[in-house]
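Structure record follows, encoded as structure tokens.
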């Protein structure tokens, strides 16, 4: 499930966002940032028990380390003043129906901490993913987003993603519907 992202700068804080590729040494940081930002994004709209079950399943240092070591996965980390404020996980993965692509790239997770939303970190991460798709020869970037997250859906539409289907997502034990969205190169 792709997360909430900012629509770009909305205040006049002078902030420079840099994006770098994640390294194995980032596993603990990505775990902590993932837990915090997932809770910030979904705590108000989901049962605590379901949310915590998912967090325990998806965010553990050993899991993030395994993802960082996986050649099909890339973490990109957004930093402000060398402090990690957000991340995106992209994966070379088969796209679900009805997407037909030769070389798809999945934007699996994207989160920016609440304090740094609005400074362009989300935009920098999405731009980095789309640049990666272009330079890597990927013909589509696809993602899933919770159907009850209209801000994120609108954000992805502004980037040119279009809804092409739906999939089920399990949060804890609760079935939810995610929209499948695609950006074609």
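The values are calculated or read from the model by the stated rules, or taken from the named source; none is laboratory data. Keep in mind that this is a model prediction, so the values were computed, not measured. Glycine also receives a Cβ, built like all others from the backbone with ideal geometry; neighbour counts cover every protein chain displayed.
Results, tabulated for the structure shown:
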read-out: Test: residue 4 is over 29 Å from residue 175 (Cβ atoms), outside any helix (DSSP H, G or I) and either within 16 Å of the chain's Cα centre (by Cα) or modelled with pLDDT under 95 (or both); value: no
read-out: Among the candidates 170, 77, residue that is at pLDDT 95 or above, assigned to a strand (DSSP E or B), more than 22 Å from residue 24 (Cβ to Cβ) and in contact with a strand residue (DSSP E or B) (Cβ under 8 Å, 6 or more places away or on another chain); value: 170
read-out: Residues of region 156-167 satisfying the condition of being touching a strand residue (DSSP E or B) at 6+ places or on another chain (Cβ under 9 Å) and over 16 Å from residue 99 (Cβ atoms); value: 157, 159
read-out: Looking only at region 126-140, and only at residues there that are at negative phi and outside any helix (DSSP H, G or I), the one that is surrounded by the most Cβ atoms within 10 Å (Cβ to Cβ); value: 138
read-out: Residue in region 89-108 that is in contact with a helix residue (DSSP H, G or I) (Cβ under 8 Å, 6 or more places away or on another chain), surrounded by 13 or more Cβ atoms within 10 Å (Cβ to Cβ) and part of a loop (DSSP other than H, G, I, E, B) present; value: no
read-out: Yes/no for residue 33 being surrounded by fewer than 20 Cβ atoms within 10 Å (Cβ to Cβ) and either farther than 21 Å from residue 91 by Cβ or at pLDDT 95 or above (or both); value: no
read-out: Looking only at region 46-74, and only at residues there that are touching a strand residue (DSSP E or B) at 6+ places or on another chain (Cβ under 8 Å), touching a residue at least 24 places away in the same chain (Cβ under 8 Å) and part of a loop (DSSP other than H, G, I, E, B), the one that is farthest from residue 141 (Cα to Cα); value: 47
